[in-house]
1. If a residue must be part of a loop (DSSP other than H, G, I, E, B) and either touching a Ser or Thr at 6+ places or on another chain (Cβ under 8 Å) or closer than 14 Å to ARG91 by Cβ (or both), how many such residues does the range 193-219 contain?
2. Do we have any residue at all in the range 7-20 that's among the hydroxyl-bearing types (Ser, Thr, Tyr) and at pLDDT below 90?
3. I'm told ALA226 meets every condition in (1) open to solvent by 30 Å² or more (accessible area, probe 1.4 Å); (2) at pLDDT 90 or above; (3) under 15 Å from the mean Cα position of the chain (by Cα) except one. Can you identify the failing condition by its number?
4. Out of (1) open to solvent by less than 40 Å² (accessible area, probe 1.4 Å); (2) not in a loop (DSSP other than H, G, I, E, B); (3) not aromatic (Phe, Trp, Tyr), what's the single condition that is false for LEU159?
5. Return a yes/no flag: does the range 142-155 have any residue that is in contact with a strand residue (DSSP E or B) (Cβ under 8 Å, 6 or more places away or on another chain), part of a loop (DSSP other than H, G, I, E, B) and open to solvent by 40 Å² or more (accessible area, probe 1.4 Å).
6. Would you tally the residues in the range 171-184 being in contact with a helix residue (DSSP H, G or I) (Cβ under 9 Å, 6 or more places away or on another chain) and in a helix (DSSP H, G or I)?
7. Scanning for something open to solvent by 30 Å² or more (accessible area, probe 1.4 Å), modelled with pLDDT of 90 or more, within 16 Å of GLN76 (Cβ to Cβ) and of a type outside the set (Asp, Glu), does the range 194-204 turn up at least one residue?
8. Looking for something closer than 23 Å to VAL164 by Cα and part of a loop (DSSP other than H, G, I, E, B) - is there at least one such residue anywhere in the range 7-29?
Amino acid sequence: MNELDAHLLVVDDDERIRSLLRKFLMRHGFLVSTARDAAHARRVLAGLEFDLIVLDVMMPGEDGMELTRSLRETLQTPILLLTAKGETDNRIEGLEAGADDYLPKPFEPKELLLRINAILRRMPDTSAADTAPKVLSLGVIRYDMERGEMWQGDELVRLTATEVHLMKIFSAQPGVALSRAKLVEELGRDRGQAQERAVDVQITRLRRKIESDPKQPQYLQTVRGAGYMLAPD
């Protein structure tokens with residue numbers, strides 16, 4: 001995806017932050033809409049499609065975590081959460097709710113820009129010319145490597161941008177164990193235990209979509225002492 005074509009929705013109850021982020025992101029070529037709370041965001045989302053949502057966690061009423069969980073039931077749009085500094089459990093909860101990444105406040109606007117561009121680059125380019133599909137079989141699940149799409153029968157399985165990226169990493173090396181540190185690096189994230197723990201959360205979410213019994217994974221396996229491995233049929 002060309003980041004310069006992207007339409008972003010910024011959701012924050014602080015008018016000053018909303019305005020600053022809107023001006024900053026528009027200066028960098030994005031089309032930006034804003035919403036002041038979850039209810040306002042829902043109304044905007046009902047009428048427009050977005051390429052990415054920047055969402056503050058701490059909002060009055062329905063907070064960013066609840067909104068993320070609710071949106072994920074019907075929406076694949078990438079979500080970047082803005083969290084309070086240092087609240088690791090908060091961030092893990094956000095990833096479990098379906099967010100693609102998080103950024104602790106206070107942050108440098110340039111870092112926000114880097115995170116947004118990294119997420120948008122993970123999204124499959126739906127305009128790419130159709131080619132002969134390379135398909136991996138994972139039991140009842142089929143994964144189309146070219147399109148970055150997962151299917152169960154005729155049903156498209158909804159994947160977040162991070163899950164799309166993880167499947168691309170694993171499907172490029174089926175049968176090879178990849179360490180958590182390697183996965184963090186491939187996802188373009190800072191190294192560290194918090195990010196490795198975040199990868200564990202994303203793997204758990206992905207298993208729920210692939211495995212018939214996520215607690216005894218057959219296809220997205222844990223290799224003791226080595227990491228995770230995709231084992232297609």
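The values are calculated or read from the model by the stated rules, or taken from the named source; none is laboratory data. Every value quoted in this text rests on a predicted model; they were computed, and no experiment measured them. For neighbour counting, all protein chains shown are included, and Cβ atoms are generated from backbone atoms with ideal geometry for every residue, glycine included. When the accessible area is computed, the model is the full protein with side chains, heavy atoms only, and any ligands, DNA or RNA have been set aside. Shrake-Rupley method; radii C 1.70, N 1.55, O 1.52, S 1.80 Å.
1. 2
2. Checked against the condition, which is being among the hydroxyl-bearing types (Ser, Thr, Tyr) and at pLDDT below 90, the range 7-20 yields no hits at all.
3. For ALA226, the exception is condition (3).
4. Against the list (1) open to solvent by less than 40 Å² (accessible area, probe 1.4 Å); (2) not in a loop (DSSP other than H, G, I, E, B); (3) not aromatic (Phe, Trp, Tyr), LEU159 comes up short only on (2).
5. yes
6. Residues flagged as in contact with a helix residue (DSSP H, G or I) (Cβ under 9 Å, 6 or more places away or on another chain) and in a helix (DSSP H, G or I) within the range 171-184 amount to 5.
7. no
8. Looking through the range 7-29, none of the residues is closer than 23 Å to VAL164 by Cα and part of a loop (DSSP other than H, G, I, E, B).
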